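Just so it is clear, none of the values below were taken in a lab; they were calculated from the coordinates. Keep in mind the model is a prediction, meaning the values are calculated, not measured. Cβ atoms come from the backbone with ideal geometry, glycine included; neighbour counts cover every protein chain shown.
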Amino acid sequence: MAYLNQVFDHNAPIAVCDSGVGGISVLRALRQEMPKEDFLYFGDSAYAPYGTKTTEEVRERVFSLVEEFRRRGAKACVVACNTATSAAVRALRETYPDYTIVGIEPALKPAVLYVREQERIPGTVVVMATPMTIRNEKFHNLMDRYVDRAHIIPLPCPGLMEFVERGETSGEALTDFIRKLLLPFDKEAVDAIVLGCTHYPFVADAVTSVMGERVKLFEGGPGTARETARRLRVAGLCTDRTGEGHVTIENSLSDEKIALCEHLLSL
Ligand code: DGL
């Protein structure tokens, strides 16, 4: 289908979406990078989790969200979900060439650079992500770029995002769950862990409590925020307001999820 080019207002909000509350870890980085911008955060908790659905289901859902953001005049969209990015970002860019769409990918590059700096050759990097992210071609292409520079182990973590969706970011049950996921790994042999799902930065302390302080954790939010700022500059879409921007939070499931997002954003 062909779309007419739409003109976006440089003072309009930037839409940020995720399957639920996890994208708040990206929103946090976006606000740090661009404090004057307005943001419209949409958490799709009614359809969560994305990571255990089919690629087609998630792609269809993300298309309908982006269509709605455009209709509401959001000047850009950050897909703050590794799973949705892997399922839909390429197709979204082809369908909406006039729109600034930024995705997120597991922060493998900084993790590999880090282990090289430690001179732990080849160095081991575990990538925790959803089953869909790890299955999809986008991740395999990413891994291929670094596979000769570090020992990279993808670890699908079905069930982990649900803890964050429930607001359970600490406690015995969470730590046990993470311990079981990481059981196959020798703590001394792992150098870095990539938190390749935007929900996981909220359980970073629990991961560290299992693996120890020496294992460095990486998340994709800051890199995505820098890339968003760069893309807005290129598109001439940076705000010219002077005060601090506003954040609006919406959720497809419930007001409790909005309250949870506000709480996570305040951490
Ligand atoms: N927050 C999402 C991500 O970054 C996924 C969680 C889900 O399975 O819906 O991959």
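The table below gives the values:
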| read-out | value |
| --- | --- |
| Relative exposure of Cys81, Cys238, Cys261, judged by other C-beta atoms within 10 Å (fewest first) | Cys238, Cys261, Cys81 |
| Euclidean distance between Cα centres, the stretch 19-71 to the stretch 200-223, Å | 22 Å |
| Long-range Cα-Cα pairs in the stretch 199-251 (distance over 13 Å), rounded percent | 74 percent |
| Amide H contacts of Val127 (H built 1.01 Å from N, under 5 Å, at least 5 apart or other chain) | Ile153, Leu155, Val194 |
| Overall Cα dimensions of the stretch 3-53 - principal axes, largest extent first, Å | 36, 33, 13 |
| Residue-by-residue Karplus 3J(HN,Hα) for the stretch 157-166, coefficients 6.51, -1.76, 1.60, Hz, glycine and proline x | 10, x, x, 6, 4, 4, 4, 5, 4, 7 |
| Lysine pairs in the chain with Cα atoms under 20 Å, if 8 or more residues apart or on separate chains | 6 |
| Radius of gyration and maximum dimension Dmax of the stretch 51-194, Cα, Å | 17.2, 51 |
| Approximate spin-label separation Asn5-Asp144, in nm, with each point projected 7 Å along Cα-to-Cβ | 3.4 nm |
| Sites matching trypsin sites (Lys or Arg not before Pro) across the stretch 3-91 that sit in DSSP coil, with at most 13 neighbouring C-beta atoms within 10 Å | Arg72 |
| Where only alpha carbons of the stretch 178-267 are counted, the Rg and the Dmax (Å) | 17.8, 51 |
| Reciprocal mean inverse distance between Cα atoms of the stretch 1-135 - Kirkwood radius, Å | 16.0 Å |
| Debye, to nearest 20: dipole size of the stretch 22-115, +1 on Lys, Arg Cβ, -1 on Asp, Glu Cβ | 200 debye |
| Distribution of pairwise C-alpha distances over the chain, 5 Å bins, in % | 1, 6, 13, 18, 19, 17, 12, 8, 4, 2, 0, 0 |
| Taking Asp191, Asp148, Asp205 and counting other C-beta atoms within 10 Å, the order from fewest to most | Asp148, Asp205, Asp191 |
| Cα pair distances in the stretch 130-239, grouped into 10 Å bins until the bin that holds the longest one, percent each | 12, 39, 32, 13, 3 |
